[in-house]
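The values are calculated or read from the model by the stated rules, or taken from the named source; none is laboratory data. None of these values were measured; they are calculated from a predicted model. Neighbour counts run over all protein chains shown; Cβ positions are idealised from the backbone, glycine included. Side chains are part of the model used for accessible areas, which takes the heavy atoms of the whole protein and leaves out ligands, DNA and RNA. Shrake-Rupley method; radii C 1.70, N 1.55, O 1.52, S 1.80 Å.
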Amino acid sequence: MIRVTLPRFGRFDAWRDAARDLARSRMPPERVAWADPDTPADLFGSEAAPPPGDHPVTATKDFLQLARQVASHSDPERWSLLYGALMRAQVDRTFLANPADPMLDRLTRMAKSVRRDIHKMHAFVRFHELPSEGPRRRFGAWFEPEHPVLEAAAPFFAKRFADMDWAIATPEGVATFTGGDIAYDPPGVRPDLPDDASHDLWQTYFANIFNPARIKTDAMRSEMPVKYWKNLPETRLIPEMLADAPRRVQAMRDAGATEAPAFAPRVTARVRLQPDDAVPDSLEQAAAQAARCTRCELCHAATQTVFGQGDPGSGLMIVGEVPGDQEDLAGKPFVGSAGQLLRQTMAEVGLDPGRAWLTNAVKHFRFTPRGKRRIHQTPDRSHVDRCRWWLDLERKFVAPRLTVAMGATAAYALTGNRATLTPRRGGIEPARDGAPVLITWHPSLILRLPDDRAPAALAELRGDLARAADMVA
């Protein structure tokens, strides 16, 4: 048995280096014992690690991100699980795209638990001001996370509180931020933190934002677990506020208006609007119905619904991801830079853009505001699933002989397959309704690629569209 001892901090990088060397030698997972600094020495000793072999070792970006999160879990088997997954990926990469795989499911649930624990630490750390001899103020805090997430959570505080020095002590260790640098030390005795006048101010604010009409104690305990209460100054106010809630609710009722103002119907008209689930009889009716779509929250920020357009009798449907900024303003699909590249490429292979049905998997623009700009965001799986109602209607009325899916979002919407796009590009897959779907790149991807990679991707898109032209000729 080969023993690999990982440091208390920097453990993920240490694991990655050791796992890479062992995997290059094709060392079986059952022959490797991963240990932390506090793990006692094995009774029978351990073998020396072999020199790295010459076998290639590859790992996807998604796997490394997952492994980095799992590395902060408290499960002592986490390192063995990750090394086993790495070795398995060398011979079967597909299991990383199968959410039902038991190994991947366990790792995914562990990563989710870690992310939640980091979020709770960001939300529930309470600093106490300490005496300072220099120009920068000093603060200290004590926190008890469920997992050893100190190293993963500390950079958030360094960015948020860069103008002060602080230390966060946990049972795992101590993170110290001094003069802009973070240092980590082994755990010590729980610090005796002094009372802080700012906590009184925080309690006053907390009491004033408390809404007694929206008490849901189960939801409150879910978002603010009771195990954290002992270190939160505001929680000592909760019992009294809950006891006084009925009186405050009645006072709010007594002080409320008896009649709604005249403008209330106009304000609430959009809120009252419900999704129209009646099945339309034609493509024109479907487009009109889609204009009122409220199936997901994207409708509230987007300018308008961008339904498909083109020739419904051509036999060819081209499906993209989501409208962009210019499509959202114009109400037409593929009019921005990516759409111009698509139309130009179609013309080069003899496809008239006006003789195809052009649409997107999601009909509303999703974006993040940044100053005066609206930055495109990839839609979530839930957006694709809710918007499939409209895509299925388009397919029903257009009845394409061939559908071109541009990008992973369109491929998932049409086939239900969430696997990586690269090995699928250029292939034909069955849609959910059984019709053929040709998988290819989205033009927006080509526009984002560096100059040394874009020509090859564009050539592949051109070849796929030429094949589509032959299939529907």
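Observations on the model:
- Evaluating residue 98 against the criteria (1) open to solvent by 80 Å² or more (accessible area, probe 1.4 Å); (2) within 22 Å of the chain's Cα centre (by Cα); (3) over 27 Å from residue 13 (Cβ atoms) leaves one unmet condition, (1).
- Counted residues, the stretch 257-303 - those being assigned to a helix (DSSP H, G or I), of a type outside the set (A, V, I, L, M), under 28 Å from residue 377 (Cα atoms) and at pLDDT 60 or above: 4
- Residue 78 being under 15 Å from residue 107 (Cβ atoms) and among the basic types (Lys, Arg): yes
- Within the stretch 212-225, restricting attention to residues that are farther than 16 Å from residue 122 by Cα and open to solvent by 80 Å² or more (accessible area, probe 1.4 Å), the residue that is modelled with the lowest pLDDT is 214.
- Single unsatisfied condition, residue 153 versus (1) in the same structural domain as residue 167 (by TED's automatic domain parsing); (2) modelled with pLDDT under 95: (2)
- Residue 436, sole failed condition from (1) within 22 Å of residue 363 (Cβ to Cβ); (2) touching a Ser or Thr at 6+ places or on another chain (Cβ under 8 Å): (1)
To keep it simple, each residue is scored yes or no on (1) open to solvent by 40 Å² or more (accessible area, probe 1.4 Å); (2) part of a loop (DSSP other than H, G, I, E, B).
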position	(1), (2)
104	no, no
107	no, no
111	no, no
116	yes, no
121	no, no
129	yes, no
132	yes, yes
140	no, no
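- The listed residues are 121, 164, 103, and the only one of them that is at pLDDT 90 or above and touching a Lys or Arg at 6+ places or on another chain (Cβ under 6 Å) turns out to be 164.
- Inter-residue pairs, beta-carbon under 7 Å, first open to solvent by 20 Å² or more (accessible area, probe 1.4 Å) and in the stretch 327-349, second among the charged types (D, E, K, R), 6+ apart: 335/327; 348/462; 349/462
- Any chance residue 94 is farther than 27 Å from residue 173 by Cβ, among the polar types (S, T, N, Q) and in contact with a Leu (Cβ under 9 Å, 6 or more places away or on another chain): no
- Boolean, residue 383 is modelled with pLDDT under 95, closer than 17 Å to residue 306 by Cα and under 22 Å from the mean Cα position of the chain (by Cα): no
- Qualifying residue in the stretch 170-177 (condition: β-branched (Val, Ile, Thr), touching a strand residue (DSSP E or B) at 6+ places or on another chain (Cβ under 7 Å), modelled with pLDDT of 95 or more and on the phi < 0 side of the Ramachandran plot): yes
- Only a single criterion out of (1) of a type in the set (Ser, Thr, Tyr); (2) open to solvent by 10 Å² or more (accessible area, probe 1.4 Å); (3) under 29 Å from residue 304 (Cα atoms) is not satisfied by residue 403, namely (2).
- Close Cβ contacts (under 8 Å, 6 or more residues apart or on different chains) running from residues in the stretch 222-242 that are of a type in the set (D, E, K, R) to residues that are not in a helix (DSSP H, G or I) comprise 227/144.
Let's see how each residue does on (1) open to solvent by less than 10 Å² (accessible area, probe 1.4 Å); (2) under 29 Å from residue 430 (Cβ atoms); (3) touching a Pro at 6+ places or on another chain (Cβ under 7 Å):
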{"residue": "304", "(1), (2), (3)": "no, no, no"}
{"residue": "357", "(1), (2), (3)": "no, yes, yes"}
{"residue": "360", "(1), (2), (3)": "yes, yes, yes"}
{"residue": "370", "(1), (2), (3)": "no, no, no"}
{"residue": "378", "(1), (2), (3)": "no, yes, no"}
{"residue": "383", "(1), (2), (3)": "yes, yes, no"}
{"residue": "399", "(1), (2), (3)": "no, yes, no"}
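- The stretch 414-446, subset exposed (fewer than 15 other Cβ atoms within 10 Å of the Cβ) and assigned to a helix (DSSP H, G or I), residue farthest from the chain's Cα centre (by Cα): 423
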